[in-house]
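Readers should treat all values here as calculations from the given coordinates under stated rules, not as data from a laboratory. Because the structure is predicted, anything quoted here is derived from the model rather than measured. Neighbour counts run over all protein chains shown; Cβ positions are idealised from the backbone, glycine included.
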Amino acid sequence: MRKTLKIEERFYRVLMFLSTTFICSALFVILFSILRTGLPHLSWEMISEMPHGGYYFGKSGGIFNAIVGSVYLSLGASLLAFLLGLPIAMFINIHLIRLTRFVAVIRFLLDLLWGVPSIVYGAFGFTIMVFFGMRTSLMAGIITVSLFILPIIVRAMDEVLRNVPKGLLESAKSLGSTNSEIAYVVYFKQCLPGIITAWLLAFGRAIGDAASILFTTGYTDFVPHALNEPAATLPLAIFFQLSSPIPEVRERAYAASVILIFIVLTVSVVSRILSNRYNKNKINF
Amino acid sequence: MQNSIIDIKQLNLYYGKQHILKDINISIPAKKITVILGPSGCGKTTLLRSLNRLTELDASVKISGEILLNGQDLLNSTEDVTTIRKKMGLLAQRPYPLPMSIYNNVAYGLRISGRRKKKFLNSRVEYYLRQTNLWDEVKDRLKEPAATLSIGQQQRLCLARGLAVDPQIILADEPTSALDPHSSRMIEEKFAELKDSYTIVLVTHILRQAKNIADHVIFMYMGQVVEQADVREFFENPKEQQTKAYLQGQFY
C-alpha cells in the first residue's frame with residue numbers, strides 16, 4: 001500500500017513538473033521569437049514618428065499614431081468599463097445579498113458574455129453605429145471595447161468582493177452603515193488591491209484586441225484630436241503589417257508587438273506597485 | 001419584569017424548514033449584564049442576531065413574534081433598520097476591524113452619523129479609546145492600519161468603534177472566544193464597568209464567565225428558553241432539571 005502511494009505521488013509530481021516546464025517554455029519561446037525578430041527593427045523613429053507616405057511599403061516613418069490611439073482607446077474603454085462595472089459588482093455583492101438565486105443568474109449571464117468572441121461585440125457596435133449614423137471613431141471604439149471588457153471587469157471585481165468575510169459586512173451593518181457606505185468605504189478599501197488587478201486585466205484585454213475595433217475605430221495615419229475622429233491602434237497596425245508581402249514590413253509588425261508588450265508590462269508594473277501601496281489597510285482574515 | 005429595556009414575546013425563527021428559535025419569551029433588564037447561556041447550536045447566537053436584525057441578511061430566515069425595545073416593536077418598525085442598528089453595538093466572536101487606520105475605525109461611526117468636525121472627532125476618538133483602555137497603547141500610532149494591532153487589541157478597538165455610535169445596548173457574541181486569557185479578562189472587566197451606562201447582552205457557553213459577570217442569566221437548550229433568573233438564583237438554586245444537568249457538566 002505504502003509503496004503504491006509513493007509511486008503514485010512520484011508519478012503526479014513528474015506530470016506536474018512536465019506540464020509546468022512545457023507551458024513556461026512555450027511562453028518563453030513566443031516572447032523570444034517576437035523579441036528576436038522585433039528588436040532589430042525597433043527604432044526611435046518607429047516609436048516617435050507618424051507613418052510617412054509609403055510606410056506600409058517599407059518606406060520611412062513610424063507608428064506613433066497607433067501607440068497613442070491604442071493608449072487612448074484602452075484607457076478610455078477600461079475607465080468607462082470600470083465606472084459602469086464597479087457599481088454592478090458592489091450591487092450584486094452587497095445590496096442583493098439576500099437574493100442568492102438572482103445573483104447566480106446574473107453571474108451566469110456575465111460569464112456567458114465573457115465567452116462571447118470580441119468580433120461579435122465589434123459587429124454589434126458596428127450595427128449600433130450604423131443605426132445612429134456614426135462613423136468609425138475613437139468614441140465608437142471606446143464604447144464597443146468597454147462593452148466587451150465589462151463582463152470581464154465585473155466578474156474579476158465580483159470574485160474579489162465575494163471573498164470579503166461575511167463578518168465584516170455584519171460588523172459594518174451593526175454600526176448602522178447604509179449599503180452605499182459599506183460599498184464605497186468598507187468594501188472599496190478592503191478590496192482596492194483586487195479592484196486594481198481587475199482593472200489591469202480589463203486594460204490588457206482592451207489593448208490587445210483587434211476584432212472589436214476593426215469596424216468601429218477604423219484606422220488612420222494621424223493621431224486623433226477628438227473623440228469623433230477615427231484612431232489607429234497597435235493590434236491593427238500589427239495586422240496590416242503582417243499581411244504585407246514585403247518581408248521588411250512584416251518584420252516591423254514584430255517591432256510593433258514588442259511595443260505592445262512593453263506597454264502592457266509597464267501598466268502591470270505600475271498597477272502592481274499601486275496595488276501594494278493600497279494593500280496596507282486590508283485586513284487579512 | 002421591572003426596568004426591562006427589551007421584551008421578546010412569542011419569537012419564532014425558521015431557517016428554511018428548520019425551527020431554530022421556539023416560542024421565546026424573555027425580558028432583558030436595562031443597565032445590567034444579561035448572559036445568554038447554553039450549549040453550541042442551541043440558538044443563542046441567532047437570538048442575539050435577531051435583536052439587531054442581522055438575521056435578515058439571509059433570505060431563508062422567517063421570523064415571527066415581537067421584539068420590543070422600550071416598548072417599540074423592532075420587527076415591524078417603520079423606523080429605518082440602520083437607525084435600529086445604531087442603537088445596538090455588536091461585538092462578534094472574532095474582531096472584524098474596518099480596513100482603515102485605528103483612528104478612522106473609531107471615527108467611522110461618528111462620521112456616518114454626520115459628525116465631521118475634526119476637533120470633535122479627535123476628542124471623541126480619544127475618549128472611546130480611553131474607555132476601552134486602548135489609548136495608551138495606540139496613541140502614537142493612530143494613523144496606522146487597524147490590521148497591525150493584536151487580536152486582543154483589535155477586539156477592544158471594535159468595542160470602542162461600537163461605543164462611538166452611542167448605542168443603548170451592547171450585543172456580544174462570545175467576544176472572548178478568539179482571545180488570550182489576559183485580553184479576555186480585560187473585556188470582561190470592561191463590561192463590568194460599562195454596565196453603568198449600557199445594557200449588555202452577552203452570549204457565552206463559558207460557565208465561569210457567566211458566573212463572574214452576569215446579573216441575569218437566560219439558559220437556552222434546543223431553541224427554547226429553559227430558565228431565566230437572577231445570577232445567584234440561577235447558579236445556586238436552579239429550578240429546571242436541564243439547567244442542573246448543564247451546570248453539573250453533563251452536557252456542553
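Some points to look at:
- Ranking A:Phe22, A:Ile213, B:Gln242 by how far each Cα lies toward the positive end of the dipole of the protein assembly as shown (charges on Cβ) leaves B:Gln242 at the top.
- Converting phi to 3J(HN,Hα) with the Karplus coefficients 6.51, -1.76 and 1.60 and the offset θ = phi - 60°, the range A:85-96 yields x, 4, x, 5, 4, 5, 4, 6, 8, 10, 5, 9 Hz in sequence order, with x at every glycine or proline.
- Annotation: average projected area of the range A:2-41 is 2.4 square nanometres, based on the convex hull of Cα atoms across all directions.
- Debye intensity ratio I(q)/I(0), log10, the range A:160-285, q values 0.13, 0.16, 0.19 Å⁻¹ (C-alpha model): -0.72, -0.87, -1.03
- Net charge of the neighbourhood of B:Met186, taken over other residues with C-beta under 15 Å away and scored Lys/Arg +1, Asp/Glu -1, is -2.
- Loop sites in the range B:88-122: trypsin sites (Lys or Arg not before Pro), DSSP, at most 14 other Cβ within 10 Å: B:Arg115, B:Arg116, B:Lys117
- Debye-formula intensities of the range A:153-205, expressed as log10 I(q)/I(0) at q = 0.15 Å⁻¹, are -0.43 (one equal scatterer per alpha-carbon, no solvent).
- For the range B:85-207, the percent of C-alpha pairs falling in each 10 Å distance bin, counted from 0 to the bin holding the largest distance, reads 14, 49, 32, 4, 0.
- Once you reduce the range B:191-208 and the range B:1-27 to the center of their Cα atoms, the two points are 20 Å from each other.
- With the convex hull drawn over the C-alpha atoms of chain B, the volume per residue is 128 Å³.
- Fraction in percent of alpha-carbon pairs per bin - 10 Å, the range B:1-149: 9, 31, 29, 23, 7, 0
- Assigned charges on the beta-carbon of Lys, Arg, Asp, Glu; the range A:2-41 dipole about Cα centre (debye): 280 debye
- Average beta carbon contacts from partner chains per residue of B:104-117, 10 Å cutoff: 2
- Above-threshold pairs, the threshold being 18 Å between Cα atoms, out of B:Lys32/B:Lys211; B:Lys190/B:Lys244; B:Lys143/B:Lys190; B:Lys31/B:Lys190; A:Lys280/B:Lys143; B:Lys117/B:Lys139: B:Lys190/B:Lys244; B:Lys143/B:Lys190; B:Lys117/B:Lys139
- In chain B, helices alone account for a calculated mean residue ellipticity at 222 nm of -10000 deg cm²/dmol, with every DSSP H run of four or more residues adding -39,500 (n - 2.57).
- Charge dipole of the range A:27-183 (Cα centre as origin; +1 on each Lys and Arg Cβ, -1 on each Asp and Glu Cβ, all else neutral): 340 debye, rounded to the nearest 20.
- Cα-Cα P(r), the protein assembly as shown, percent of pairs per 10 Å interval: 3, 15, 20, 18, 15, 13, 10, 5, 2, 0, 0
- The gain in end-to-end length when the A:Phe131 to A:Cys24 segment is fully stretched comes to 33.9 nm, 0.36 nm per residue minus the alpha carbon separation.
- Those GluC sites (Glu not before Pro) in the range B:71-159 that DSSP places in a loop and that have at most 16 other beta carbons within 10 Å: B:Glu79
- Taking the charge dipole of the range A:44-281 about its Cα centre, with +1 at Lys and Arg Cβ atoms and -1 at Asp and Glu Cβ atoms, the residue from A:Met50, A:Gly176, A:Ile153 reaching farthest to the positive side is A:Gly176.
- Computed log10 I(q)/I(0) for the range A:1-119 at 0.15 Å⁻¹: -0.97, from the Debye equation with unit scatterers placed on every C-alpha and solvent omitted.
- Pairwise centroid distance, computed over Cα atoms, of the range A:223-272 with the range B:140-167, Å: 51 Å
- Kirkwood Rh, angstrom, chain A [1 / mean 1/r, Cα pairs]: 21.5 Å
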